[in-house]
Number of protein chains: 2
Amino acid sequence: MAKTAVVALGGNALTREGQAGSYEEMEANANVMARSVASLLRAGWRVVVVHGNGPQVGNLAIQQEEGTRLVPAQPLFSLGAMTEGQLGSLIVLALRRVSDAGGMRGAVAVVTNVAVNPDDPAFENPTKFIGPFLTKEEAESMAAERGWVVRKDSNRGYRRVVPSPEPVAILETAAIRALVEQGQVVVAAGGGGVPVVRYKSGYGGVDAVIDKDYAAQLLATSLPADALVLVTGVDTVLLHYGTPQQKAIHEMAVTQAEHYLETGEFPDGSMGPKVRAAIRFLRSGGEQAVITSPELVYASLQGTISELEGVTGTRIVRVKPLIATAP
Amino acid sequence: MAKTAVVALGGNALTREGQAGSYEEMEANANVMARSVASLLRAGWRVVVVHGNGPQVGNLAIQQEEGTRLVPAQPLFSLGAMTEGQLGSLIVLALRRVSDAGGMRGAVAVVTNVAVNPDDPAFENPTKFIGPFLTKEEAESMAAERGWVVRKDSNRGYRRVVPSPEPVAILETAAIRALVEQGQVVVAAGGGGVPVVRYKSGYGGVDAVIDKDYAAQLLATSLPADALVLVTGVDTVLLHYGTPQQKAIHEMAVTQAEHYLETGEFPDGSMGPKVRAAIRFLRSGGEQAVITSPELVYASLQGTISELEGVTGTRIVRVKPLIATAP
């Protein structure tokens, strides 16, 4: 039985630092990403890709605002849905270009709606910056006109902040599972999914942005998948970051990860959410979580199969049982 | 074994004549549409929904153009992909609100890429108007700047015209089939699907808009589905339209439909594509095609099961064999 990996990739992997976000740029980046996924497929893994959408939804939001003179702006959650279509199509086409990869019977993007709790404290305390930088005057006028919450972001200006609530259920889980079982590479929960809350009449969208690493974890736990791979800009998680004691971690038990998280080794703005997602996955029955760069995804995951030596990313694993059970 | 119907709904069913296209308007319209689909589910049909995206992709295009001062505009095919995400999420949420409907195990929107032939004559002769009306000067400047083809649309101004090539293959057919078999209501090929052509390196997007009725037919034939339902603004197909001899057709054989199409009864700008899609579906092995208003979808399709009397839309059926075969 093939094992399943949920691979979470940042929106920055599609629109890189310094790029404007043209289709051609994203397409070239998606081709690189697809080759990384292909290496996993060839090794026998089934793969679900969860992508971020930060730069893309930010660009869409600008275009929406610029266009309001003529047509109504869509709500933020609907822009999230748009990026699921936009990037889903783009990534599926890139995956098809490497479709000689063993075991891939096709690739398909599923528009994913993700339930959040309307009482999530994040709604009272929006923290996620989105969209363009504004002057103080612009920010105040947007706040008055549209009820936006705006905050100073570093010293580059003001930006809209939106709630980033915890994902509690992925509405399309059964459909995604059916597609994985059919041998499809599935692109799902893009941008963390479209955030929805349960009203009396049913689910409806809510303006928020779900952390895509948390959404990937929930999907990995719900399927369930065997591995959660959190792809980032660095090869490994670093301990004592920025000090003379800084060192790379190649493997740690979930209890160690919990300890380091509690002692503030992984701040919220950087590794925190990834380590937390990894811990949640393992604590909910997952086998292994990997945090690494695109280049080391294959070696890091395969290390667990073939026990290869050499450079890998950071693997976080459940503690081995102290007492072996008789066979 | 449950029968499958592919139901094609116009983008105008989501943003109605005179509406600006706000999310709230589309949501209310989607709820009405969902109740119509629910009536089919209760009668035991499996349903695939194909939606149009004319008004929505037009609005997105305006916003993209207005925003180019700050961020790059995405190509037209990618805007089509965005509307698959936007409307897919919206329709799925509406379907879930009627999920007491018998047999629905869930609803899911699949981002669908649809192959077209790069040699399709439509690329030499773009006919499909999209986006806002422009002045002659604006149109000429867009043509020079971006290579757009622009044409006069009635006497309201100039608009961009894009090719509307024939769909030749739906890349996600196997995935859609697997989901239908699992009991999901599937939203697919929205806006006719993202048009792609096969390059040496694989499929890539191409700026075009595929007719959603033709895409629905190809999907219905490929699955295969038992019925193709083309939902429109009128209850039935009309013969001798606008003359004293005008009359509603409630049932016709495929040969009659072909005859009327040839004699110019159904012009390209109105019923032509729907009747042609119906004919293609039946000529490729389909059982029945229905052209009707949202209100009569249920009665029109059920008529074939329970032989109910009363008002129905237009059913187009294969000719009954002249010589009955022995049982």
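The values are calculated or read from the model by the stated rules, or taken from the named source; none is laboratory data. Since this is a predicted model, take the numbers as computed values, not measurements. Heads up, the Cβs are rebuilt from the backbone with ideal geometry, glycines too, and the neighbour counts pull from every protein chain shown. Ligands, DNA and RNA are excluded from the accessible area calculation, which covers all protein heavy atoms including side chains. Shrake-Rupley method; radii C 1.70, N 1.55, O 1.52, S 1.80 Å.
Here are a few things to note about the model shown:
- Remark: chain A carries a charge dipole of roughly 480 debye about the Cα centre, counting +1 on each Lys and Arg Cβ and -1 on each Asp and Glu Cβ.
- Net charge dipole size for the range A:228-327 [Lys, Arg +1 and Asp, Glu -1 on Cβ; Debye, nearest 20]: 260 debye
- Panel values: the range A:205-265, Kirkwood radius from alpha carbon pairs, Stokes-Einstein at 25 °C and 0.890 mPa s, translational diffusion coefficient 174 µm²/s.
- Given 11 as the ceiling on other Cβ atoms within 10 Å, longest exposed-site-free region of chain A for trypsin sites (Lys or Arg not before Pro) in DSSP loops: A:201-327
- Taking every DSSP beta bridge that has both ends in the range B:228-327, the antiparallel portion is near 50%.
- Share, in percent, of DSSP beta bridges within chain B that are antiparallel, nearest 5: 45 percent
- DSSP bridge pairs, the protein assembly as shown: antiparallel proportion in percent, nearest 5: 50 percent
- Accessible surface buried at the B:A interface totals approximately 4200 Å², computed with a 1.4 Å probe on protein heavy atoms.
- Based on the Kirkwood approach, the hydrodynamic radius assigned to chain A is 20.5 Å, with every pair of different Cα atoms included.
- Position A:Ser39, label points 7 Å along Cα→Cβ, spacing to each other copy in nm (shortest first, one decimal): 5.6
- Pairs beyond 30 Å (Cα-Cα), from B:Lys136/B:Lys200; B:Lys152/B:Lys274; B:Lys152/B:Lys200; A:Lys128/A:Lys200: B:Lys136/B:Lys200; B:Lys152/B:Lys200
- Over all orientations, the range B:173-251 has a Cα convex hull whose mean projected area works out to 8.0 square nanometres.
- For the peptide A:188-195, the mean number of other protein chain Cβ atoms found within 10 angstrom of a residue's Cβ is 1.
- Among A:Val57, A:Val98, A:Ala30 - extreme Cα towards positive end, dipole of chain A, charges at beta-carbon: A:Val98
- For the range B:1-152, dividing the convex hull volume of the Cα atoms by the residue count gives 145 Å³ per residue.
- Viscosity 0.890 mPa s, 25 °C: Kirkwood-radius Stokes-Einstein D of the range A:69-130 over Cα pairs, µm²/s: 164 µm²/s
- Rotation relating B and A, chain A residue nearest the axis via C-beta, angstrom: A:Gly85, 1
- Spacing of the two label points (7 Å from each Cα toward its C-beta) at B:Ser22 and A:His240, in nm: 5.9 nm
- In terms of overall dimensions, the C-alpha atoms belonging to the protein assembly as shown reach 91, 68, 51 Å along their principal axes, ordered largest to smallest.
- Area accessible to solvent at A:Glu25, 1.4 Å probe radius, in Å²: 50 Å²
- Inter-copy label distances at A:Thr68 (7 Å, Cα→Cβ; nm, one decimal): 2.3
- The distance separating the Cα centre of the range B:182-217 from that of the range B:96-167 comes to 12 Å.
- Against the criterion of solvent-accessible heavy-atom surface with a 1.4 angstrom probe, B:Leu261, B:Leu282 sort, most first, into B:Leu261, B:Leu282.
- FRET efficiency for B:Ser284 and A:Arg318, using Cβ-Cβ distance with R0 set to 51 Å, rounded to 0.05: 0.45
- For B:Asn113, the residues whose modelled amide H falls within less than 5 Å of its own, excluding neighbours fewer than 5 places apart on the same chain, are B:Leu171, B:Glu172, B:Val194.
- Computed helical MRE - 222 nm, chain B, DSSP H runs ≥ 4 contributing -39500 (n - 2.57), nearest 500: -11500 deg cm²/dmol
- Averaged over peptide A:104-115, the number of partner chain Cβ atoms lying within 10 Å of each residue's Cβ comes to 6.
- Whole-percent carbon and sulfur share, accessible surface of the protein assembly as shown, 1.4 Å: 51 percent
- Solvent-accessible area per residue in chain A equals 42 Å², computed with a 1.4 angstrom probe and all protein chains kept.
- Extents of the range A:85-209, taken as max minus min of Cα coordinates on every principal axis and listed largest first, are 55, 37, 20 Å.
- Label separation (B:Glu145 vs B:Glu251): 5.7 nm, computed from points 7 Å beyond Cα along the C-beta direction.
- At R0 = 35 Å, FRET efficiency that the Cβ-Cβ distance of B:Val32 and B:Asp119 yields, to 0.05: 0.30
- Amide H contacts of A:Leu134: A:Tyr158, A:Arg159, each under 5 Å away and 5 or more positions distant or on a separate chain (H built 1.01 Å from N in the peptide plane; Pro and chain starts excluded).
- Residues along the range B:154-184 losing 10 Å² or more of accessible surface when the other protein chains are present rather than the chain by itself (probe 1.4 Å): B:Leu171, B:Glu172, B:Ala174, B:Ala175, B:Ala178, B:Leu179, B:Gln182, B:Gln184
- The charge dipole of the protein assembly as shown, taken about the Cα centre with unit charges on the Cβ atoms of Lys, Arg (+1) and Asp, Glu (-1), comes to about 900 debye, rounded to the nearest 20.
- At 1.002 mPa s and 20 °C, Stokes D of the range A:228-327 from Kirkwood alpha-carbon radius, µm² per second: 154 µm²/s
- When Rg and the Kirkwood radius Rh are both evaluated on Cα atoms of the range A:119-168, their ratio Rg/Rh stands at 1.02.
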